[in-house]
Amino acid sequence: MALTGIEIFKLLPKTNCKKCGFPTCLAFAMKVAQGQVDIEQCPEISEEIKAKLKEASTPPIRGFFFGSSSTKIKIGEELVLFRHEKKFFNPTVLAFEIKDTDSNIDLLIDEVLNSSIERVGQTLKIDAIFLKNQSGKVDIFLQALDKILDKAPDLPLIFGTLKPDVAVAAVEKTKDIRPILSEANSENINEMAEIAKKYNIPLVVRDKGIEKVMALLETARSKGIQDLIIDTKPETAKEILINNTLIRRAALKKGMKVLGYPIITFANRDDDFYETIIASLAVLKYSSIVVLSSIPKWKNLVLFTLRQNIYSDPQVPMQVKQGIYKVGEPDGNSPLMITTNFALTYFLVKGEIENSKIPTWLAIMDCDGLSVLTAWAAGKFSASKIAEFIKESGIEERLNHRELIIPGYVAMLKAAIEDKLQGWKVIVGTKEASGIPAFLKNYMKSKALV
Amino acid sequence: MLIIGERLSVISKKVREAILKKDKAPIQDIAIEQWKAGAHMIEANIGPAEDDGERLMEWMVTTIQEVVPLPVSLDTTNPRAMEAGLKVHNNQWGKPLINSTSLDPERFIMFELAAKYNVPIIALTVGKGGLPRDAEERVEIALQLMEKAAEFGVSLEDIYLDPLVLQISTSQEQAKEVLRAIKLFQDLNDPPMKTIVGLSNISNGCPKHLRPIINKYFLALLMHEGLTAAIANPSEIIEVVKTINVIKGKTLYAHSYLEI
Amino acid sequence: MNFSIPKETYAGIIPEIVFGKGKKAYFGGQSALPFHFFEGHFPHKPLIAFEIQDQIPEDYPEELAKTYSSVWDDTLRWARFCESLGAQAIALRLTSTHPDSRDSKPEEAADKVKKLLSEIDLPLIILGSNHTEKDADVLPIVADASRGYNCIIGKAQEGNYKTVVASAMAGGHFLIAMSDLDVNLAKQLNILITQMGFPREKIIIDPMCSALGYGFEYTYSVMERIRIAGILQGDSMLCLPMVADVGFYVWKTKETQASESDIPEWGSLHERALMWEAVTACSFLLSGADLLIMRHPEAVKIVNRFMNDLFS
C-alpha cells in the first residue's frame, strides 16, 4: 500500500530547503506519494529513513490479485475493524464450490455464468469457482477443469486439493489466470509452498485455530511466499466471528505481520438457509473469500445485497438512480413529489409516503447524492435543472394534473420553477420527511374539494 | 486575521426578502453593523442565482459599497453573476474576493475570472461528488487546485484554501480534520498558503444558544493552527480574534486591548 | 506458535433488562462488543419477540398471511399461536390506533392490552402505531392499564417523549427511545429522557431499523457506533441495550413481495422473503442489537439457530 503524502512528509527533514525543486517538503512528499517524483531527489534522505518508508508502506493486511488480467479481483488490504472508521475496501469474493466428481459440471458452470443481477446501478455476481478435488485423482480433476476453461476461460479459480501432483497439473494449465491454491496444511506445506512459489500464486494455509495456522504461515513466509490466505477451520459461528475478529485486530492494532493476510471461509452447511447466514456472518465480519455449496438466485440476491451495503463508502453519500419512482400504485391523479438522490433522503421520504398510504409519484433527481439544501446551495437542485428533469422524465404523459410538490427547504424556488415549467403549479411541501403524511392528506383533501 | 462579515447571505430570511424587494435599507444596515463590529470585508452570498444573477450581484455590491468603505467577497455559483460583481466592484478599498472554486470542473471558470480580473479566490478542497473524508484528502485536493491555478495563471498568493467546515452535529469527527488541514495547507508552499473557513457552518443545526460558543472556541483553535481568514459574524468573534492575537504575541497587550 | 489475544479495555456494562410479570424474559447485561466472549461476560442471549397487531394487518404480504391469517382476527388467539411457536416474548403493535387506519380510541387499545395480559403469561412489549401525536394519546392510557406488568413500551421520540416517558415512569415500565439513524440524536434523546427523572437503566435504544438493501448499512454502522461509544468509551447515555424492529421494515420491501414470475432473476419468493428477515436480523445482532422484533416464524428459527451457534 502506498503511503500518503503526509505520511512521507513526516519522515522528511521539513527544512523546505527547495533542493528537490519543490517549494516545500510537503509539496515534494505529495508528489512522491503520487509516484511522479522519486524520493531520491531529496538530498537529505538517509538510508534509515528509506528503510522506515519501506516499512511504513507495507500495508498491515496484505492485498493481492487473482484471476486473469481482464477478470482480476483484489482481496485484502483492509484498514479498519468498523466500516464507519473509513470503509471496507475490497468486497468479499463469493465462490461457488464445484466438485470434480459432480456429474453436471456444465450446468453448474452455467449457474455461475448466469448469476449476475443488477442492483442500484451495479452488476453483482458470483465471482469465482472453487474446484474441489473430491476424487483425489489428477485426470478427473483436469477433466473438470477443462470443462470450466472451455466455458469460462478466464473466470477466477480456486483449486481445492491436498495433493501436490494435482495442484501442479492444474496450475500448469492456468498460468494466465493466477488461480488460488487451496490448501497447505501441516502435512503438505513444503510441497504446496514450493508450487505456490514456482508459479507465483496465492496459497491458502489451513489449520485448526489461530496458533496452529500461525506456525504454518511462518513456514510459508520463510519460503518467500507473500500472497497467503488464512483458514483457521472454524466449525461454529462463534469460531468464525472470534477468529476473524482476532486476526484482523492483531494485524491492524498490534501490527502482527504474520496474521496480516486475507481470510477464506467455507460457509458450506447442511441447509441452504443456514449456509446463507454463515456466509452473511463471513461477509460482515472480515472474510475476503466465502465458499458456497449452492447458489440459488434468492440466496445470491441476499448475499449480493448484503455485500454491496456493507462495502459501500460511508463518506460518499449513497445515491439513488435518477428517475420517477412509484410509491404504492399511483395513477394520473396521484401527487408528484420531487427530492434529491441522497439515499437517506430517498429512504426517509419514501418511508413517510408509505406511512401516508397515499400512492405517489416520487421524482428523484441526480444531485451527486447531496441532501436538499446542500444540493441547492451547490447549484445542483436549481429551478432550471428541476424543470429540465421534469420535462425530460416523461411524467407529464402519465399525469392528469400539472402540480409538483417541492421540499419545504427550497420554497424559494417556487416562482422560478413555475417560470420555466409552463402550465405547472408548484406546491411547497414540508421541510422534514416526518411531516409528509399529514401534508399529503391535506393536499389530497384540498384537491378533492376543488 | 482577516474577518469577512458573513451575514449578507441568501440563507437568511431577512436578506432574502430584502433582495426580493430590492430593499436597500436592511442590506445596508447589516453591512454597516458588520463594518463597525470589525469586518475587513463584506460577504455577498446570493446563492445559485440562476435568473438575473448579474443584476442581482451588481445591486448587492453597489448597495454595500454605497455605505461601507470595504471590499466585497462575491459568493455565487453563477459565473455571469460573478463577473458582473467583479466589474462593478469599487477597488478603491481593496480587491474583491471570489467565493469560490473547487475541483468540480464546472467551477474552473472561477479561476479564469480570478486571472482575468487579477483578484484573490477561495478554493474549496472538494472534488466532484463526495465530501473529503480527512485532512489527507483535503491536502491532496489542495495540491491539485494549486496546479489548476497555475494552469489558469492565478498566483498562489491569491489563493485562499478552504478545508470545508462541516457541521459538528452530524460530522463531529471532521472538526479535528479541518484543524489538521489548516496546518498542513500552509506547508504546501513557501511562503505559506493562505487559508480560510466558513466558520459558522461548524454549528449549523445546533441549538441557538450553543452556536456562538462552538464558533468561538473553534476559531481559537483554528487561529492557533495559523488560519488567515474567516467568513464569520464579526460581532461574535472579534473578542476571540483580538485575544488570540494578544496571546500569540501578534498584538501588544494593554488593559484596554479589547477596546481598540 | 504463541498467540496472545489482543484484548480491548472496556469502560461500561450494558444494563440487564428483566421484564414481564409471571414468565420473565431477559437480555443485556454484557460487558463487551457483540459476542466477544474472549474479553467479556454475556449473561443472556439476545431476545426475539414475535410481533402481533391489534387488528387484521393492513400490509402483511402473502408470505406472512400464509402463517397468520387463521389467527390474526383475534389478538389473543394470535398471541397464543406465537406462544405455541415457542415465543419468549410478544410485541403488540397497536396499528388500529393510527389516524389513517381505524383511528381507534386509546381506551379500546387499553382493553386489548389488559385482556392479553390477563390471559397470556408471556412478557409484553407494547408499541404504538408510530404516529407521534397519536402515540402520545394512546401510550399513557395503555401504560396505565398495564401497570404492574413490567412491560416494555414505546416508542418515545423527539416529538412526544415527554408524555411517553411520563407514562412509562408512572406505569413502572421499560422504555424504547427511538431517534432517526443518528448517534448524536440518540444520545440527545436519552439525555432528555433521563433529565425527566426516568432511570437510565430502563431505556432501550432504537436507533431506527431498516431492511437489507434499504438503508441497512446506516442502521448497522449507527448501532456499531452507539455500542462502541457506550461500552468502550464509557458514554453512559449510550451504554444501553438496543432493539432492532426488524419485521416492520423488512416486510415492506419489494424483495419480500415480488413473485418469481414478476422478477425471475430474484429467484423463489418464499426463501427470499424469509431470508430477507433472517439475514437482516442476524446482521443487527452482530452490530449490537439485544432485542429483535420479528414476524416470520421460520426466520425466527434460523436466527435462534444462529444465536445458539454463537453461544456454543
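The values are calculated or read from the model by the stated rules, or taken from the named source; none is laboratory data. Everything quoted here is computed from the prediction, not taken from an experiment. Using ideal geometry, Cβ is built from the backbone for each residue, glycine included, and neighbour counts are taken over all protein chains shown.
Note on segment A:179-259: enclosed strands (runs of 3 or more DSSP E) holding 3 or more residues that are farther than 26 Å from C:PHE306 by Cβ, more than 10 Å from chain C (Cβ to nearest Cβ) and of a type in the set (A, V, I, L, M) are A:180-184. Only one of the numbered conditions (1) modelled with pLDDT of 95 or more; (2) part of a loop (DSSP other than H, G, I, E, B); (3) within 14 Å of another protein chain (Cβ to nearest Cβ); (4) under 20 Å from C:PHE174 (Cα atoms) is violated by C:ASN130, and that is (1). State whether the residues of segment A:113-130 include one that is of a type outside the set (A, V, I, L, M) and more than 30 Å from A:ASN341 (Cβ to Cβ). Yes, segment A:113-130 contains at least one residue that is of a type outside the set (A, V, I, L, M) and more than 30 Å from A:ASN341 (Cβ to Cβ).
Considering only residues that are surrounded by fewer than 19 Cβ atoms within 10 Å (Cβ to Cβ) and part of a loop (DSSP other than H, G, I, E, B), look in segment C:278-312 and name the one that is farthest from the other protein chains (Cβ to nearest Cβ). That would be C:PHE311.
Might you let me know whether segment C:217-238 holds any residue that is within 14 Å of the chain's Cα centre (by Cα) and crowded, with 24+ Cβ neighbours inside 10 Å? Checked segment C:217-238: at least one residue is within 14 Å of the chain's Cα centre (by Cα) and crowded, with 24+ Cβ neighbours inside 10 Å. Taken over segment A:92-131, the criterion of being of a type in the set (D, E, K, R) and away from every other protein chain (no Cβ under 14 Å) is satisfied by A:GLU97, A:LYS99, A:ASP100, A:ASP102, A:ASP106, A:ASP110, A:ASP127. A:SER135 satisfies every condition listed in (1) of a type in the set (Ser, Thr, Tyr); (2) in contact (Cβ under 8 Å) with a residue 60 or more places away in the chain; (3) over 15 Å from A:ASP227 (Cα atoms) except (2).
Within segment B:188-234, being under 16 Å from the mean Cα position of the chain (by Cα), among the hydroxyl-bearing types (Ser, Thr, Tyr) and either surrounded by fewer than 21 Cβ atoms within 10 Å (Cβ to Cβ) or at positive phi (or both) holds for one residue alone: B:THR228. Within segment A:120-169, the only residue that satisfies the criterion of being of a type in the set (Lys, Arg) and closer than 20 Å to A:ARG307 by Cα is A:LYS125.
Screening the candidates A:LYS197, A:LYS163 for the property of being under 30 Å from A:SER103 (Cβ atoms), in contact with a Gly (Cβ under 9 Å, 6 or more places away or on another chain) and surrounded by fewer than 22 Cβ atoms within 10 Å (Cβ to Cβ) yields one hit, A:LYS163. Criterion first (within 12 Å of chain A (Cβ to nearest Cβ), within 20 Å of C:PHE35 (Cα to Cα), aliphatic (A, V, I, L, M) and touching a residue at least 12 places away in the same chain (Cβ under 8 Å)) does C:MET275 satisfy it? The answer is no for C:MET275. For segment A:412-450, the candidate set comprises residues that are under 38 Å from the mean Cα position of the chain (by Cα) and surrounded by fewer than 17 Cβ atoms within 10 Å (Cβ to Cβ); within that set, the residue that is farthest from the other protein chains (Cβ to nearest Cβ) is A:LYS431. Within segment A:284-299, if we keep just the residues that are at the interface with chain C (Cβ under 9 Å from one of its Cβ atoms) and within 15 Å of the chain's Cα centre (by Cα), the residue that is nearest to C:GLU217 (Cα to Cα) turns out to be A:LEU284.
For every residue, the table says whether it meets (1) buried (at least 24 other Cβ atoms within 10 Å of the Cβ); (2) closer than 16 Å to B:ALA84 by Cβ; (3) within 20 Å of the chain's Cα centre (by Cα); (4) without any contact (Cβ under 8 Å) to a residue 40 or more places away in the chain.
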| site | (1), (2), (3), (4) |
| --- | --- |
| B:GLY5 | yes, no, yes, no |
| B:LYS22 | no, yes, no, yes |
| B:ALA25 | no, no, no, yes |
| B:GLU33 | no, no, yes, no |
| B:ALA37 | no, no, yes, no |
| B:MET60 | yes, yes, yes, no |
| B:ILE64 | yes, yes, yes, no |
| B:VAL67 | no, no, no, yes |
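Being touching a Leu at 6+ places or on another chain (Cβ under 6 Å) and outside any loop (DSSP other than H, G, I, E, B) holds for only one residue in A:ILE148, A:ILE109, A:ILE158, A:ILE129, and it is A:ILE129. Suppose we keep only residues that are out of contact with any Gly (no Cβ under 9 Å at 6 or more places or on another chain) and farther than 16 Å from C:VAL279 by Cβ within segment C:208-227. Which one would you say is farthest from the other protein chains (Cβ to nearest Cβ)? The selected residue is C:VAL222.
In this structure, A:ILE247 does not qualify as surrounded by 22 or more Cβ atoms within 10 Å (Cβ to Cβ), among the β-branched types (Val, Ile, Thr) and within 22 Å of A:ASN300 (Cα to Cα).
How many residues does segment A:262-280 contain that are more than 7 Å from chain C (Cβ to nearest Cβ) and either closer than 25 Å to A:VAL213 by Cβ or modelled with pLDDT under 95 (or both)? Residues meeting the conditions: 13. Inspection of segment A:429-443 finds a residue satisfying the criterion of being part of a helix (DSSP H, G or I), closer than 30 Å to C:HIS98 by Cα and charged (D, E, K, R). Within segment C:179-200, residues that are buried (at least 21 other Cβ atoms within 10 Å of the Cβ) reach partners that are among the polar types (S, T, N, Q) with beta carbons closer than 6 Å, at six or more positions or on different chains, in the pairs C:ALA186/C:SER179; C:LEU189/C:SER179. For A:SER182, indicate whether it is touching a Phe, Trp or Tyr at 6+ places or on another chain (Cβ under 7 Å), at pLDDT 95 or above and hydroxyl-bearing (Ser, Thr, Tyr). Considered against the rule, which asks whether it is touching a Phe, Trp or Tyr at 6+ places or on another chain (Cβ under 7 Å), at pLDDT 95 or above and hydroxyl-bearing (Ser, Thr, Tyr), A:SER182 comes out as yes.
Listed here are the residues, each with its yes/no results for (1) at pLDDT below 95; (2) closer than 28 Å to B:THR195 by Cβ.
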{"position": "B:ILE4", "(1), (2)": "no, yes"}
{"position": "B:VAL10", "(1), (2)": "yes, yes"}
{"position": "B:GLU17", "(1), (2)": "yes, no"}
{"position": "B:ILE42", "(1), (2)": "no, yes"}
{"position": "B:ASP51", "(1), (2)": "yes, no"}
{"position": "B:GLU58", "(1), (2)": "no, no"}
{"position": "B:PRO69", "(1), (2)": "no, yes"}
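Of the residues screened, A:LYS72 is one that is surrounded by fewer than 17 Cβ atoms within 10 Å (Cβ to Cβ), over 30 Å from A:TYR325 (Cβ atoms), touching a residue at least 24 places away in the same chain (Cβ under 8 Å) and touching a strand residue (DSSP E or B) at 6+ places or on another chain (Cβ under 8 Å).
Screening segment A:1-91 for helices (runs of 4 or more DSSP H) wholly inside it with 2 or more residues that are within 12 Å of chain B (Cβ to nearest Cβ) returns the ranges A:5-11, A:25-33.
Does A:ILE49 qualify as being in contact with a helix residue (DSSP H, G or I) (Cβ under 7 Å, 6 or more places away or on another chain) and either surrounded by fewer than 21 Cβ atoms within 10 Å (Cβ to Cβ) or modelled with pLDDT of 95 or more (or both)?
yes
Check whether at least one residue in segment A:364-376 is aromatic (Phe, Trp, Tyr), out of contact with any strand residue (DSSP E or B) (no Cβ under 6 Å at 6 or more places or on another chain) and within 11 Å of another protein chain (Cβ to nearest Cβ), and report yes or no. The answer is yes, given that some residue of segment A:364-376 is aromatic (Phe, Trp, Tyr), out of contact with any strand residue (DSSP E or B) (no Cβ under 6 Å at 6 or more places or on another chain) and within 11 Å of another protein chain (Cβ to nearest Cβ). Among residues of segment C:253-277 being among the charged types (D, E, K, R) and outside any helix (DSSP H, G or I), the one that is modelled with the lowest pLDDT is C:ASP262.
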